[in-house]
């Protein structure tokens, strides 16, 4: 065990070498929480060096998160979700249940700028990830903790998935058809939103270091993020007016008409928030003229938008949908553009991938993954003109960069690395 050397600052050629906006920023990621992984991916795409620290006992199992491939597909034990949210990172394995593992983690954070983790407060402390301990090692370190319910309060130790955060944040009771069962928000959205908020807060804390002279602890509660972003309008309405959200299914509360209706080859979404837009929408469905069943009925023409929605919404939708079914999505979108009506087709993911606008902007990025082959990923959700985001490497396989990080960054000897493997530390 004498082969361990003093921690150094040497960098190898495989470190993130792009001149990104966050080039030179050092990030350490602990765990396989989707929100944690997405937060760090955003930082990595902007040029930060992210080292993902994984438990050697569970690293392979963790990669099955979001796996939707058939069993006979090569690389079927690796989830596409894992591959996406962990691209652009270096990966090491480290058993933080051991004292030696904790000691090595402290070596990793001595010169780091950011550590992002997703453990409950009690578990984080047991693993040596408590902010008080980490700040003693590096008082400039920004520690971001992303958990379902935050660092304080009676729920702080509870675990939860996206469906639980959606329910606890009031979103599930706000969506779906009135009288039907509540719905869950799909596709890990609470985790992605929380990762985005965590990245923004983390960079704010990095800027604050210049004025306060030290790092700080950031507490992200996913349920609160979701309550703010999705159920926020319902929360405000109740707080100020004691107004409860009524689920509207395929429509939105407020002005009429809006929502989703069927057409000849699928569905279209639309919103007509002004009298002029409503008139033009009626002309679209009426082949250039307002349908006589509307224009000759004073019940409709003498009723304001709010009353139309509340009293006659279902009746009007039943009249409009047969007219829309005479036209295709593309025909309706073209007419919407001509008449200045907000009207757009509902597309499948396969159609989105072929969208000419997104492809003209180069939104999708192709990456060669060692286990999945050549795959297409969504690009960054923002663009920096002078320091563009880049995806320069696929998600790491378990322990892929152990030697590069432990020997190259921390100056451990290869013999010491072999001993760490033998003991199950890495």
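The table that follows gives values for the structure above.
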item	result
Angle in degrees between helix 34-45 and the longest Cα principal axis of the chain, rounded to the nearest 10	80
Residue exposure sequence - 127, 197 - by fewest surrounding Cβ within 10 Å	127, 197
Helix-only CD estimate at 222 nm, as mean residue ellipticity for the chain, using -39500 (n - 2.57) per DSSP H run (n ≥ 4)	-11000 deg cm²/dmol
Over the stretch 315-391, relative contact order from alpha-carbon pairs under 8 Å, at least 6 apart, %	15
Relative contact order (%) - the chain, alpha-carbon pairs under 8 angstrom, separation at least six	23
Considering only the chain, percent of DSSP beta bridges that pair antiparallel, nearest 5	40
With Cα atoms, 0 to 90° folded angle of helix 305-324 axis to the chain main axis	90
Euclidean distance of C-alpha centroids, the stretch 123-172 and the stretch 412-426, integer Å	31
Peptide ranges 218-229, 307-318, 409-420 listed from the most packed, as the mean C-beta count within 10 angstrom indicates	218-229, 409-420, 307-318
Nearest 10 degrees, 0 to 90: helix 329-339 Cα axis against the chain principal axis	70
Proxy reagent accessibility, fewest Cβ within 10 Å first, across 146, 104, 212	212, 104, 146
Listed peptides 114-124, 199-209, 28-38 by packing density, highest first (mean Cβ within 10 Å)	28-38, 114-124, 199-209
Contact order relative to length of the stretch 258-347, as percent, for alpha carbon pairs under 8 angstrom and 6 or more apart	47
Ranked 51, 137, criterion: other C-beta atoms within 10 Å, fewest first	137, 51
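Read the figures in this text as sums done on the coordinates, not as results from a lab. Remember, predicted model here, so these are calculated numbers, not experimental data. Note that each Cβ is placed from the backbone with ideal geometry, even for glycine, and that neighbours are counted across all protein chains shown.
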